[in-house]
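Peer 1: Take a look at this one; I'll ask things after.
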Amino acid sequence: MAGGSPEPAAESKRDQPRLRDDLKDFFRFLRRPTLRRFPAGQRGYPEPAGDWVPRTTMRRMLAWVFLLWGFNLLVLGPLALQVATSGGAHHRLESGNIPWVIAIFWAPLVEEMVFRYFLRRPGQGLWIIPLMLAPLLKGPVAWTVPLAALAIGASVWTQKRARLKGLSWSWGWRRQYVRFFPLVFHVGTLTFAALHLGNFTLNHTLIWLMPVLVLPQWLTGLVLGWMRVRRGIGASVLMHVLFNAGPVVVVLGVMKFAPQLA
């Protein structure tokens, strides 16, 4: 545009690391979670908008989603299925009443705000998480939708206000959070996985085997957490949407076009 500078892209193809670089960084992150961005020095939109603009490409997001689908289907899924069969547990998606709007759109947004937004914004997390618990537990009803919108809007506004006023963490608080961040990250991921036990009718499943049922959610939570820290909350929300959409679309398609297989 004449007379002005163009808006920066979230991440140019030239700046985009290879998938194997992503994988290397992901495994390094699992060993020692840190708060640095990836790739280092990437250019993007200024905060707070930059946190909501995915700092990666759709192609890369889909590559990660397909990797997760494949590993869950071939490795973790069979383990979970074996435990479910032995304990008589079954997933609620098997009931035929699939809340696809919740699964594809609502759950990814709300769950990311509860379980991963705070990873880079721990101060905001002190009030974001309590505000988003009702939308998480009650679903999209008349009063939780505006509550969720209010919480997200307030998070953007307070972040922008802090940036304009030059407010930031004290060095003491920053050091303590960085020190305990690995614990915060892994506890948050385990909590996210445990929440998904509510997706099952557990019947006679032994308590000590229940974690196996949510191994796919645990792995997915690790990747989403890495994506949130490295590429922003927008990237983790979008990836969560894509990840949920695949299985839901498949199940809905089977129920509609081949109900005898359901």
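Peer 1: Taking the range 155-180, which residues are touching a residue at least 24 places away in the same chain (Cβ under 8 Å) and part of a helix (DSSP H, G or I)? Explain how you work it out, then say what you get.
Peer 2: From the range 155-180, those touching a residue at least 24 places away in the same chain (Cβ under 8 Å) are 155-156, 158-160, 163, 169, 177-178; that's our starting set.
Passing the criteria: 155, 156, 158, 159, 160, 163, 177, 178.
Peer 1: I'd like the full set of residues that are surrounded by fewer than 17 Cβ atoms within 10 Å (Cβ to Cβ) and of a type in the set (Gly, Ala, Ser), limited to the range 170-202.
Peer 2: The answer is 170, 172, 194, 198.
Peer 1: Which residues, taken from the range 203-224, are in contact with a Gly (Cβ under 7 Å, 6 or more places away or on another chain) and surrounded by 15 or more Cβ atoms within 10 Å (Cβ to Cβ)? Break it down into steps so the answer makes sense when it comes.
Peer 2: The initial filter retains those residues of the range 203-224 that are in contact with a Gly (Cβ under 7 Å, 6 or more places away or on another chain), namely 203-206, 209, 216.
Of everything in the range 203-224, those that are in contact with a Gly (Cβ under 7 Å, 6 or more places away or on another chain) and surrounded by 15 or more Cβ atoms within 10 Å (Cβ to Cβ) turn out to be 205, 209, 216.
Peer 1: Among what's in the range 55-81 and is without any contact (Cβ under 8 Å) to a residue 40 or more places away in the chain and closer than 18 Å to residue 206 by Cα, pick the residue that is surrounded by the fewest Cβ atoms within 10 Å (Cβ to Cβ).
Peer 2: 78
Peer 1: Turning to a different aspect of this structure: From 147, 209, 183, 190, which residue is farther than 30 Å from residue 28 by Cα and in a helix (DSSP H, G or I)? If you could, list the steps in order and put the result at the bottom.
Peer 2: Details: 209 fails: farther than 30 Å from residue 28 by Cα; 183 fails: farther than 30 Å from residue 28 by Cα; 190 fails: farther than 30 Å from residue 28 by Cα.
After ruling out the rest, the residue left standing is 147.
Peer 1: State which residue is nearest to residue 193 (Cα to Cα) when the search covers only the range 77-96 and only residues that are of a type in the set (A, V, I, L, M, F, W, C) and either at pLDDT 95 or above or part of a helix (DSSP H, G or I) (or both). Even if it seems obvious, please write down each step before you answer.
Peer 2: As a first pass, look at the range 77-96 and keep what is of a type in the set (A, V, I, L, M, F, W, C): 79-81, 83-84, 89, 93.
Checking the rest, the ones that are also either at pLDDT 95 or above or part of a helix (DSSP H, G or I) (or both) come to 79-81, 83-84, 93.
On the way: 79: 15, 80: 13, 81: 16, 83: 16, 84: 16, 93: 17 Å.
Looking at the filtered set, the residue picked out is 80.
Peer 1: Oh, and also: If you check every pair at least six apart or on different chains, which have Cβ atoms under 6 Å apart with a residue in the range 215-237 that is on the phi > 0 side of the Ramachandran plot first and a residue that is crowded, with 23+ Cβ neighbours inside 10 Å and not in a helix (DSSP H, G or I) second?
Peer 2: From the range 215-237, the pairs are 232/55.
Peer 1: Only residues that are free of Cβ contacts under 8 Å to residues at least 12 places away in the same chain and farther than 21 Å from residue 221 by Cα: list them for the range 128-153, please. Working first, answer last.
Peer 2: Taking the range 128-153 as the starting set, the residues that turn out to be free of Cβ contacts under 8 Å to residues at least 12 places away in the same chain are 130, 137-138, 141-146, 149, 153.
Correct list: 138, 141, 142, 143, 144, 145, 146, 149, 153.
Peer 1: Looking only at the range 225-236, count how many residues are of a type in the set (Val, Ile, Thr) and either surrounded by 24 or more Cβ atoms within 10 Å (Cβ to Cβ) or out of contact with any helix residue (DSSP H, G or I) (no Cβ under 8 Å at 6 or more places or on another chain) (or both).
Peer 2: Kept after step one, since they are of a type in the set (Val, Ile, Thr), are these residues of the range 225-236: 229, 233.
Add one more test, that the residue is either surrounded by 24 or more Cβ atoms within 10 Å (Cβ to Cβ) or out of contact with any helix residue (DSSP H, G or I) (no Cβ under 8 Å at 6 or more places or on another chain) (or both), and what stays is 233.
Total satisfying the criteria: 1.
Peer 1: Looking at the range 115-127, is at least one residue of a type in the set (A, V, I, L, M), out of contact with any Gly (no Cβ under 7 Å at 6 or more places or on another chain) and buried (at least 16 other Cβ atoms within 10 Å of the Cβ)?
Peer 2: So the first thing to find is which residues in the range 115-127 are of a type in the set (A, V, I, L, M), and the list is 119, 126.
Restricting the remaining residues to those that are out of contact with any Gly (no Cβ under 7 Å at 6 or more places or on another chain) gives 126.
Filter again for buried (at least 16 other Cβ atoms within 10 Å of the Cβ), leaving none.
The answer is no; no qualifying residue exists.
Peer 1: Listed residues 68, 74, 62; which is assigned to a helix (DSSP H, G or I), more than 17 Å from residue 248 (Cβ to Cβ) and modelled with pLDDT of 90 or more? Steps first, please.
Peer 2: Values: 68 fails: more than 17 Å from residue 248 (Cβ to Cβ); 62 fails: more than 17 Å from residue 248 (Cβ to Cβ).
Matching residue, one of 68, 74, 62: 74.
The values are calculated or read from the model by the stated rules, or taken from the named source; none is laboratory data. Note that the structure is a prediction, hence the values are computed from the model and not measured. We place every Cβ from the backbone using ideal geometry, glycine too, and count neighbours over all the protein chains shown.
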